[in-house]
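The block underneath contains the structure these notes are about, expressed in structure tokens.
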Amino acid sequence: QVQLVESGGGLVEPGGSLRLSCAASGSDFSIYRMGWYRQAPGKQRELVAYIRSGGSTIYAESVKGRFTISRDNAKNTVYLQMNSLKPEDTAVYYCNFAPNWGSYWGQGTQVTVSS
């Protein structure tokens, strides 16, 4: 059974940093894409970034240059380093595992950027 558990969210002032972690279990995650999505109140869930098995990455335009996604296959963990945070980054952030047969989501972690 696939499980994804996010951590690292919280309240941070504009310009601050946070690092999100997603601990995965129940499958071989190293050969599939892992990603982060977010959903702000009243908005649709949107892609933030994903990382392929080989390490190549894709970022949303709104976070390019500020966020960095990485993965540690030995620990079955994917990270999202978020720097220069803005109020518009406030959202629930979800980890996503996307193998060939489906798509799995974590429970989400709240990130609030406010002074």
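The values are calculated or read from the model by the stated rules, or taken from the named source; none is laboratory data. Note that this is a predicted model, so its numbers are computed, not measured. Glycine also receives a Cβ, built like all others from the backbone with ideal geometry; neighbour counts cover every protein chain displayed. The area values use the complete protein model at the heavy-atom level, side chains included, leaving out ligands, DNA and RNA. Shrake-Rupley method; radii C 1.70, N 1.55, O 1.52, S 1.80 Å.
Report whether or not Ser30 is modelled with pLDDT under 95, exposed (fewer than 14 other Cβ atoms within 10 Å of the Cβ) and touching a strand residue (DSSP E or B) at 6+ places or on another chain (Cβ under 7 Å). I'd like the intermediate steps shown before the answer.
Working: modelled with pLDDT under 95: yes; exposed (fewer than 14 other Cβ atoms within 10 Å of the Cβ): yes; touching a strand residue (DSSP E or B) at 6+ places or on another chain (Cβ under 7 Å): no.
Against the criterion (modelled with pLDDT under 95, exposed (fewer than 14 other Cβ atoms within 10 Å of the Cβ) and touching a strand residue (DSSP E or B) at 6+ places or on another chain (Cβ under 7 Å)), Ser30 does not qualify.
Taking the condition polar (S, T, N, Q), open to solvent by less than 40 Å² (accessible area, probe 1.4 Å) and assigned to a loop (DSSP other than H, G, I, E, B), does Ser53 pass? Answer is no for this residue.
Being under 23 Å from Thr57 (Cα atoms) and free of Cβ contacts under 8 Å to residues at least 12 places away in the same chain, is that true of even one residue in region 26-43? Yes.
Taking region 33-47 as the range and being open to solvent by 50 Å² or more (accessible area, probe 1.4 Å) and either part of a strand (DSSP E or B) or under 11 Å from Cys95 (Cβ atoms) (or both) as the test, the residues that pass are Arg33, Gln39, Glu46, Leu47. Scanning region 1-54 for residues that are in contact with a Cys (Cβ under 6 Å, 6 or more places away or on another chain) and acidic (Asp, Glu) yields a single hit, Glu6. Gly15 satisfies every condition listed in (1) in contact with a Lys or Arg (Cβ under 9 Å, 6 or more places away or on another chain); (2) surrounded by fewer than 20 Cβ atoms within 10 Å (Cβ to Cβ); (3) part of a strand (DSSP E or B) except (3). Once region 58-90 is narrowed to residues that are under 21 Å from Ser27 (Cα atoms) and open to solvent by 30 Å² or more (accessible area, probe 1.4 Å), the residue that is farthest from the chain's Cα centre (by Cα) is Ala74. For Phe97, the stated conditions do not hold, so it cannot be described as aromatic (Phe, Trp, Tyr), at pLDDT 95 or above and within 14 Å of the chain's Cα centre (by Cα).
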